[in-house]
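Have a look at the structure below before the remarks.
The values are calculated or read from the model by the stated rules, or taken from the named source; none is laboratory data. This one's a predicted model, so the numbers in the text were calculated from it and none came from an experiment. FYI the Cβ positions are ideal-geometry reconstructions off the backbone, even for glycines, and counts take in every protein chain you see. Areas reflect the complete protein model, heavy atoms only, side chains present, ligands, DNA and RNA absent. Shrake-Rupley method; radii C 1.70, N 1.55, O 1.52, S 1.80 Å.
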Amino acid sequence: EMKNLATDVGSLKRVLSNVKMRGGIGEIQLEMLLEQILAPDQYEANVKTKANSDNVVEFAIKLPGRDETAPNVWLPIDAKFPLDYLSRLLAAQDAGDTEACDVFRRELKNRIRQEARKIAGLYISPPKTTDFAILYLPTESLFAEVVREADMIADLYRDYRIVVAGPSSMTAMLAGLQATFRLQAMEQKSLVIAQILGEVQRDFGYYEESLERVRNRLLRALNEMEDHARKAGKVRRRLDALDLFDTDNL
């Protein structure tokens with residue numbers, strides 16, 4: 001069993017040693033998070049965010065636009081998995097080599113900074129996109145090393161408009177966006193309901209006016225009937241008087 005386990009670990013190392021395979025793993029993990037939290041129509045894969053460029057970002061969240069001319073705004077998200085830089089840093093930490101740790105930590109920071117600059121140049125394009133993008137790191141340990149220095153996170157946002165996220169923080173961001181989408185949907189439904197109620201109120205006003213006209217007509221008809229009844233009574237009394245007069249003469 002130990003031999004089989006060692007074989008499996010070796011296979012995993014070979015997979016993770018391939019840069020393209022690592023990128024695929026990060027992309028799959030990011031897609032799983034998006035599928036679990038957002039609705040299918042709230043994000044898309046391989047989105048072209050710049051009109052004059054063929055570059056596509058791995059994923060982009062569809063945010064509501066500012067007006068009818070721009071109904072949607074894309075929030076670009078790109079996954080990066082520089083595991084080799086992290087592996088060297090963790091090995092130096094295990095060996096207690098503080099000097100090597102400093103060197104490898106600087107290398108990791110430089111790599112993240114390069115990726116941030118690349119994402120900003122390729123995918124951020126307001127007003128078609130937001131004025132910032134998200135760089136997703138697939139493991140908490142990698143994310144923890146990157147955010148160890150708060151100044152670096154601030155620099156990435158200030159210089160490149162890039163927000164760094166790990167699995168947990170990405171989940172929190174998506175949950176917040178989903179809550180915003182729900183509030184927006186409720187607001188839109190509230191506006192529709194308010195519009196319908198306004199139309200009903202207007203129609204009910206017309207209905208009241210129509211009822212008032214019918215009531216007035218009925219009152220006029222009743223008055224006319226009473227008037228005709230009075231006239232008929234007069235005619236009846238006259239006829240009765242004539243009948244009495246003829247009978248007396250006989």
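Remarks
- Note that the stretch 40-54 has calculated 3J(HN,Hα) couplings of x, 8, 9, 8, 9, 9, 6, 9, 8, 9, 10, 5, 9, 9, 8 Hz, one per residue in order, obtained from phi through the Karplus relation 6.51 cos²θ - 1.76 cosθ + 1.60 (θ = phi - 60°); glycine and proline are x.
- Residues in the stretch 20-168 average 52 Å² of solvent-accessible surface per residue, probe 1.4 Å, ligands and nucleic acids excluded.
- Per-residue HN-Hα couplings for the stretch 97-106 [Karplus 6.51, -1.76, 1.60; θ = phi - 60°; Hz; x = Gly/Pro]: 8, 5, 5, 5, 4, 5, 5, 5, 5, 5
- Surface accessible to a 1.4 Å probe, Ile37 within the full protein complex, Å²: 40
- Among residues other than Phe59 with Cβ under 15 Å from its Cβ, the summed charge is -4 (Lys and Arg +1, Asp and Glu -1).
- Gain upon complete extension [Arg158, Ala241; 0.36 nm per residue less C-alpha separation]: 18.8 nm
- Exposure of Phe132 as accessible area (Å², to 10), given a probe of 1.4 Å and all protein chains: 60
- Gain on full stretching of the segment that runs from Ala91 to Thr139 - 0.36 nm per residue minus C-alpha separation: 15.6 nm
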